[in-house]
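Please treat every number below as a calculation from the coordinates, not as lab data. Computed from a predicted structure; not experimentally measured. Cβ sites come from the backbone with ideal geometry, for glycine too, and all protein chains shown count toward neighbours.
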Amino acid sequence: MHTLACFALVLSAATCAWAYSSGAPTTVCDDMTPKHPFDPQPSELPYTVSISKKTVKPGEETDITISGKDFKGFLVQVRKGDKAVGSFVIDPKDKDSKALTCHGSSKSSATHSNASVRKSVTLKWKAPQEKGELHVFATVAADGATFWARKNVGKIVVN
């Protein structure tokens, strides 16, 4: 009986850890924290996040790239205060990424669309019409148990 109970516990933990292999749900838009049965890593994000143009005009696009060691999941937002702004432009042929509507703003977040292992992902983000200084936030999951949540990884100025 003890073995059966242990097996059930391991199976339930695995199910929870992989529940969002098809991308982050809109329920994580605010805190950007996966609802895995583990706490986020408190350390610095061990991935590089680069922004191709840090100053853009309203409606202009820039690329945001996450790269480094293997990872399975991600969620990226560009925020003004606590709200995701702008929109991610995902190519219909892209099988690894998808856009989410957060804070009432269509396509204002980007997430993974499968649990494939990747070393990098490049996302195209389109600036909103409103000018100002915006902050880029990223959540990156190496796997279901190891992830970094809502890390401020840079800024973009819309002018």
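Some observations on this one:
- Qualifying residue in region 132-143 (condition: closer than 15 Å to G68 by Cα, touching a Lys or Arg at 6+ places or on another chain (Cβ under 9 Å) and not in a strand (DSSP E or B)): yes
- Residues located in region 119-131, provided they are surrounded by 16 or more Cβ atoms within 10 Å (Cβ to Cβ) and in a loop (DSSP other than H, G, I, E, B): A127, P128
- Among residues of region 54-100, those that are exposed (fewer than 14 other Cβ atoms within 10 Å of the Cβ), touching a strand residue (DSSP E or B) at 6+ places or on another chain (Cβ under 8 Å) and basic (K, R), counted: 3
- Note on region 137-148: among residues that are small (G, A, S) and surrounded by fewer than 21 Cβ atoms within 10 Å (Cβ to Cβ), the one that is nearest to K126 (Cα to Cα) is A142.
- Residue satisfying all of: in region 50-69; part of a strand (DSSP E or B) and farther than 18 Å from K151 by Cβ; nearest to the chain's Cα centre (by Cα) among these: D63
- For region 101-118, a residue qualifies if it is crowded, with 16+ Cβ neighbours inside 10 Å and in a strand (DSSP E or B), and the qualifying residues are C102, S105, K107, S108, S109, A110, T111, H112, R118.
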